[in-house]
Amino acid sequence: MFRRIGKKPPYKKIQLQQAVERKREQSMDTLKDRNLTASLDENLQTMKEILGHSSDFVVREFQISQDGVNAAIMFIDGLANSTLIDQFILKALMIDTGKEIDANHIIQYIEKQHIPINEVAESGQLHKTVGAVLAGDTVLFVEGSEKALFLNTKGWEKRGIEEPRTESVVRGPRSGFSESLRTNTSQIRIQLKDPSLVVKNMVIGKRGNTNVAVIYIKDLANPQLIEEVESRLKAINVDAVIDSGYIEQLIEDHHWSPFPTIQNTERPDKVSANLLEGRVVILSDGSPFALIAPAVFTQFYQSPEDYYERFLIATLVRFIRILSMFFAILLPSLYIAFSSFHPEMIPSRLEIAMAAGRSTVPFPSIIEALLMELTMEILREASVRLPGPIGQTIGIVGALVVGQAAVEAGIVSPIMVIVVALTTIGSFASPSYSAAIALRMLRFPMMVAAGAFGLYGIMLFLILIIIHLCSLESFGVPYMTPITPYNRQDNRDTFVRFPLFQLKRRPSFLNPQFQYRAVRNAQEGMKDDQQGSQTGN
Amino acid sequence: MTNKDPRQEISPRQSASIIASTMIGAGVLTLPRTVAEYAKQSGWFAVILGMIIAMAGVSIMTLLSNKFPRQNIIEYSQEILGSRKYKAVGRWLSYPLLLPILGYWCVVTVLASRLFGEVVVTAVLPATPLEVIISTMLLIAYVLTFYSVEVVARVNELLLPLIVVPVLLISLSSYQHARLYHLFPLRYDVDWSDLFMGAFSAFSFPFLGFEVLLLFAKYSRHPSVLLRDHVAAVALPGFIYTLIAVAGMAVFGVDELKRLMWPTYELVKVTKVPGLILERVESAFIGVWVAAVFTTTANIYYAICMFIREMLGMKGHRIIATILLPLFYWISLRPPNIQALINYLTYSGCAGGIAILVIPTLLLGVSYLRKKGGKGAAHDA
Amino acid sequence: MLRRALRMAIIIGLLLLTATGCWDQRELEERAIVLAIGIDVSEEKPGQIQLSFQVPIPLKIAGAAGGGGGDGDVVHILKGTGRTVLEAYDEIQKQVNQQVFFGHTRVLALSEEIAKQGLERITDPFHRGPQIRRLLWPLVVKGRAIDLLTSNPELEQIPTVYLLTMIENGVQLRMIPEITLGGLYVRKSSKSEELFLNYFEAFEKKMEWEGIVVFKDDKMVGQLSTLQTSIFMQLWNGKSNFYVTFPYDEKEEDLVTLLIQTDKVEKKISREQGVVKAKLHIFAEADLSGKPFPGSFAGQEAIRKLEQATETYLEERAKEIIASLQNEYQSDIIGLGSEIKAYYPEIWDEIKDTDYFKQLDIEVSYELKLRRLGMLSF
């Protein structure tokens, strides 16, 4: 009955159309059944049909040294490193090769004795050949061989390792991920030189064929979690993974929720720490943002800096962050509720001053608040687009100037400007951009609720948010763990941050294979060693 | 998010939270007066006695649930009263026995929302229509019925400290206006029958709510430790209620207390939180109290839906919830004025209190006699 | 999936429907904030009550955006008359373009006339109304209550704030007894203690605290001076700080001043030969504040002599107060009835329906210790 309302075509019809289209498409899938032949000319012909339309597709025919065997290499100019091709393929094959070789075994011979390239593969399948060329390898065809040799010559321009732009810390490593998958995995490897660290590759995206790496520590992460992540990745379908955000949106548990259930980060140290707790990380080629699954709510106001500083500072800073989160979502609504519905809550003198301030304002306080908040959001979006220092300045100065001018024009009251400023600053204090956005967006409906029912409305909406939060799960983990279901051990690291040597266990909700971390401070260590030597070892 | 997911589990702490937060609800506001009517200035002692009665009730129910782990009361009462051959006998015998509980729950949900609405209309939002306030509260409770038992448990676990801490703080700071002599003489003009009447009246409205465990205990992960947690869960509201009763009496004295409609609210109005930004804390208290009433209403609403679902053998309870919503709304508007409302509450509270104590005891007794069910504590997940 | 979305939409729609009203929303500047209420007998319409409200004018208050530094009155007085308080309030509301708001009312001023006529018909609407704070200060004003509202000492922008800080200061210093509206309700409904209220006199540029006013049942029957009030506070709950000046050694010109700080009063009730006896023993400490005549107080003997002189003086004053309370006013504002009721319920049972206060045998004794002589050594 409900389906007639939207008049969307029923799902079966969509499936049919998709199948029809699939047949006509010329993506990689259609090449799956074809193989190479032993004839060099035929292979060249096939490849030119498929890729010859692009000018950066290079075909170099040559003869292998003194044998005079015909061969050809193909690569994409720009993806393949020319130096490697010249020095280690062409030179090696054209100049340095000696002896007579049997045509049948020539590929293996070359592979084993004549090509000083570190990564080689061979295949007779067409789609793999095309895939290799598009990935930046150089493909070697030899007359008489049904298989082609793929030589790793990947080398293209990439951005170097820079400081992550969205997550700066005062103390801690300053390198961030870049767009190259191998560079990113290398940064993680530098921090975790553990043989159990697994980097599994998957290719996702029908047209993008993006390399996606699933990373975890084999004997820490829960096997069920690993399997869940991998099966979800296998199950999704997308044209191309241009950024890891695509993957996030396709594998997440609750797409309707404003709250993210998968974390993203640009920082390798955050990734390493999460891997050590037993989480699974997804890196996709071309995106500096790594995905961390599962994610719970408490992670969104925790920053890696919390662990590099000493525990008292870290705890206090966390409290400030939590406070600012509350400001970000509640402050404007509280202002509306107090000034329109419950003025008896405000101290008498302040109330008279506020009434005086508001006497020139033509709007009710809810409109005033909505107006100012919307303006702040616009300013913020604008400042993101503007380059460098100009953007920052516009953001802050713009807000102040606009606020002051609005007050003097009699459009808003002075208290409103303070409220808006505190709210905005409060939302900046959250280390996770995705979660901060959720709170920012939620304050608008809360303002409406406050405008309708005052404090009662705020409470109702807050209860609705709490119900929603409690119903979320991320890869099987309840979102509000460890606040609820309460776990005393895990709570050593939620609001407060207990000293490092007391955080002895990994988060239990991840069900890691080994519960205890290796952590021990010097005092405990020396005492243990002493006792060890006393009891005689 | 299905309702019958077999893997749903509640931890003991969550089970205790459900009990405690269901108990702390609309009854908080009138408590000091209702006990003072019977026990005069020793009303607070009646509260303690009421708590003991509630603990007894909870213990009986927990023992009963422990004997039949992974079953709710509908299921095991059939087993207790029925015979294995004819399932129908069990059903026919047990349903009439359980219906009073169901009826009491419906009445309480409805009247509690109405009471809540009355307070809000009188003291917080005078111009807002009562219907709107009641319907919004019922709507939010309705929303909770969409989710699984685990979500209900988590919501309760999260909200409980948010409710308890402010209430404790406020009731403690109201002691600055307390006058000790209002609490005396202790026993002179009050005899035990007065105290018990007071205890029972305390038990009937403010203390009831723990019986939802009859339905929620089915999902408990560790039935064996439940007794300790459940009794503690009753002790928490008991402690808070006692504090409030003492505070109310000490600040106002018997005569004034009897005149006040919502003594706890007045207590909050007298509280001065020195130096803080908020001069009057009563709106903050109302905010917290909204959460308290919500947990009461939503939990019992959920329990009713589970109850009816079990009785009718349905798979999901969304339809039940949707039908009940307008029904509850309509019933809540029946009492013509506030005095009538309080009368209805008192009667239904009495009837409910008796039902809650008698019926599980009956079932427990019969189950021992007929040797039904497991050993209780020995049964674990 | 679609079904769930639809259901959500219904709920949100219903919720939004309810939001279309925002019935209770009222902006700050749309409310007339009443800071002080005054109740008088109406002069134009005898037998009726005149209600007056002190309302600030926000624009005139310094600190407002683009305004302020008032010339002219910062507050405005609204008046209305009616047979009851609520009728008079109704009349005032008809005059004002904003909704009258009592959430910030701090002072309730009653004229002597009204107080003498009885409070019962005044306090009920305040008790019933949700907006009125129990922490508000009720006062009795000598003459007309409205004079207290119009008086402007000009030390604060808003006169009510001046009055308020004066009272709160006094309470903190333990010079003014703390009797709020809540205390008024409690005492009025209690059968074992009587009501008293602070007494003020208002002039054009001055407000003065004059002690307390004594009530019997709900009617005003008399008053106590400031010194008498301080001593009454000692009898009441033992918390009282005040200066006492009296002639030393029977020389009228030698007036010594001591600062008395009271900490405790012990009340002992007993029954002897059919008469209920109340013994009040007050513990106090004193500092010597002023001795404008030669003579030394160094040495334990001199100190002891001064202590005894002070004790005698205070005891005499206390006896005077008790005499007037018992005989003239017959009003138990000290709260001895409550004391008996709480701790000696058998005695209370016997006397509660009688005029017990008059028949009590009350003894007052002091124990004073002179601790310091200020900054001088003798």
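The values are calculated or read from the model by the stated rules, or taken from the named source; none is laboratory data. Quick caveat: nothing in here was measured; it's all calculated off a predicted structure. Cβ placement follows ideal geometry from the backbone for every residue including glycine, while neighbour counts extend to all protein chains displayed.
Total residues in the stretch A:42-85 satisfying the condition of being more than 18 Å from A:LEU31 (Cα to Cα), charged (D, E, K, R) and within 41 Å of the chain's Cα centre (by Cα): the figure is 3. For the stretch C:294-331, filtered to residues that are hydroxyl-bearing (Ser, Thr, Tyr) and under 17 Å from C:TRP236 (Cα atoms), the residue that is surrounded by the most Cβ atoms within 10 Å (Cβ to Cβ) is C:SER331. What single numbered condition from (1) in contact (Cβ under 8 Å) with a residue 60 or more places away in the chain; (2) surrounded by fewer than 16 Cβ atoms within 10 Å (Cβ to Cβ); (3) among the small types (Gly, Ala, Ser); (4) under 26 Å from C:PHE196 (Cα atoms) fails to hold for C:ALA284? All conditions pass for C:ALA284, except number (2).
Part of a helix (DSSP H, G or I), more than 14 Å from chain C (Cβ to nearest Cβ), in contact (Cβ under 8 Å) with a residue 60 or more places away in the chain and surrounded by 14 or more Cβ atoms within 10 Å (Cβ to Cβ) - does that describe any residue in the stretch A:385-402? There is no residue in the stretch A:385-402 that is part of a helix (DSSP H, G or I), more than 14 Å from chain C (Cβ to nearest Cβ), in contact (Cβ under 8 Å) with a residue 60 or more places away in the chain and surrounded by 14 or more Cβ atoms within 10 Å (Cβ to Cβ). From the list B:PHE200, B:PHE196, the one residue that fits, being farther than 30 Å from C:GLY337 by Cβ, within 23 Å of the chain's Cα centre (by Cα) and more than 14 Å from chain C (Cβ to nearest Cβ), is B:PHE200. Scanning the stretch A:284-307 for residues that are at pLDDT below 90 and of a type in the set (Ser, Thr, Tyr) yields A:THR298, A:TYR301, A:SER303, A:TYR307. Here A:ARG497, A:ARG488 are screened, and the one residue that is part of a loop (DSSP other than H, G, I, E, B), more than 14 Å from chain C (Cβ to nearest Cβ) and touching a helix residue (DSSP H, G or I) at 6+ places or on another chain (Cβ under 7 Å) is A:ARG497. Summed over the stretch B:3-48, the residues that are surrounded by fewer than 20 Cβ atoms within 10 Å (Cβ to Cβ) and among the hydrophobic types (A, V, I, L, M, F, W, C) give a count of 1. Right, B:VAL132: closer than 24 Å to B:MET261 by Cβ, more than 8 Å from chain A (Cβ to nearest Cβ) and within 18 Å of the chain's Cα centre (by Cα) or not? Criteria not met by B:VAL132. Residues in the stretch B:115-132 that are surrounded by 24 or more Cβ atoms within 10 Å (Cβ to Cβ), free of Cβ contacts under 8 Å to residues at least 24 places away in the same chain and β-branched (Val, Ile, Thr): B:THR128 alone.
Checked against the criterion of being hydroxyl-bearing (Ser, Thr, Tyr) and at pLDDT 85 or above, the stretch A:416-423 has at least one qualifying residue. Only one of the numbered conditions (1) under 30 Å from A:ASN487 (Cα atoms); (2) within 11 Å of another protein chain (Cβ to nearest Cβ); (3) crowded, with 19+ Cβ neighbours inside 10 Å is violated by B:LYS218, and that is (2).
Flag: B:ILE80 does not match the condition of being at pLDDT 80 or above and either over 30 Å from B:VAL254 (Cβ atoms) or within 23 Å of the chain's Cα centre (by Cα) (or both).
Looking only at residues of the stretch A:320-363 that are of a type in the set (D, E, K, R) and without any contact (Cβ under 8 Å) to a residue 12 or more places away in the chain, we find that the one that is surrounded by the fewest Cβ atoms within 10 Å (Cβ to Cβ) is A:ARG349.
So, of the residues in the stretch C:49-85 that are at pLDDT below 85 and away from every other protein chain (no Cβ under 13 Å), which turns out to be nearest to the chain's Cα centre (by Cα)? Here the residue is C:ASP73.
Scanning the stretch A:502-537 for residues that are within 24 Å of A:ILE320 (Cβ to Cβ) and part of a helix (DSSP H, G or I) gives a single hit, A:GLN502. Scanning the stretch A:440-454 for residues that are facing another protein chain (nearest Cβ under 7 Å), crowded, with 23+ Cβ neighbours inside 10 Å and part of a helix (DSSP H, G or I) yields A:GLY451, A:ALA452, A:PHE453.
Which residues, taken from the stretch C:311-365, are in a helix (DSSP H, G or I), among the basic types (Lys, Arg) and modelled with pLDDT under 90? Residues satisfying the conditions are C:LYS341, C:LYS358. Considering the stretch C:175-216, and only residues there that are hydroxyl-bearing (Ser, Thr, Tyr) and part of a helix (DSSP H, G or I), the residue that is farthest from C:PRO130 (Cα to Cα) turns out to be C:SER189.
Residues that are farther than 18 Å from B:PRO237 by Cα and within 21 Å of the chain's Cα centre (by Cα) do not occur anywhere in the stretch B:172-191. Filter the stretch C:33-48 down to the residues that are small (Gly, Ala, Ser) and surrounded by fewer than 21 Cβ atoms within 10 Å (Cβ to Cβ), then identify the one that is modelled with the highest pLDDT. Among those residues, the one meeting the criterion is C:SER42. The residue list B:SER201, B:SER224, B:SER283, B:SER220 contains one member that is among the polar types (S, T, N, Q) and in contact with a strand residue (DSSP E or B) (Cβ under 7 Å, 6 or more places away or on another chain), which is B:SER220. With respect to the stated conditions, A:SER430 is outside any helix (DSSP H, G or I), away from chain C (no Cβ under 14 Å) and not aliphatic (A, V, I, L, M).
Table: residues versus (1) more than 18 Å from A:GLY451 (Cα to Cα); (2) within 14 Å of chain C (Cβ to nearest Cβ); (3) under 28 Å from the mean Cα position of the chain (by Cα).
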{"position": "A:ILE292", "(1), (2), (3)": "yes, no, yes"}
{"position": "A:THR298", "(1), (2), (3)": "yes, no, yes"}
{"position": "A:GLU305", "(1), (2), (3)": "yes, no, yes"}
{"position": "A:LEU331", "(1), (2), (3)": "no, no, no"}
{"position": "A:TYR335", "(1), (2), (3)": "no, yes, no"}
{"position": "A:MET345", "(1), (2), (3)": "no, yes, no"}
{"position": "A:LEU350", "(1), (2), (3)": "yes, yes, no"}
{"position": "A:MET354", "(1), (2), (3)": "no, yes, no"}
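Please enumerate the residues belonging to the stretch B:135-155 that are more than 9 Å from chain A (Cβ to nearest Cβ), out of contact with any Leu (no Cβ under 7 Å at 6 or more places or on another chain) and within 15 Å of B:CYS305 (Cβ to Cβ). Matches in the stretch B:135-155: B:ALA141, B:THR145, B:VAL149. Determine whether B:ARG70 is on the phi > 0 side of the Ramachandran plot and either at pLDDT 80 or above or away from chain C (no Cβ under 14 Å) (or both). So B:ARG70 fits the description; yes. The residues of the stretch C:332-367 that are under 20 Å from the mean Cα position of the chain (by Cα) and either surrounded by fewer than 21 Cβ atoms within 10 Å (Cβ to Cβ) or within 13 Å of chain B (Cβ to nearest Cβ) (or both), listed by number, are C:ILE334, C:GLY335, C:LEU336, C:SER338. Output the qualifying pairs, or none if there are none: Cβ atoms under 8 angstrom, residues six or more apart or on different chains, first residue in the stretch B:155-182 and assigned to a helix (DSSP H, G or I), second residue β-branched (Val, Ile, Thr) and surrounded by fewer than 16 Cβ atoms within 10 Å (Cβ to Cβ). Qualifying pairs under 8 Å: B:SER173/B:VAL273.
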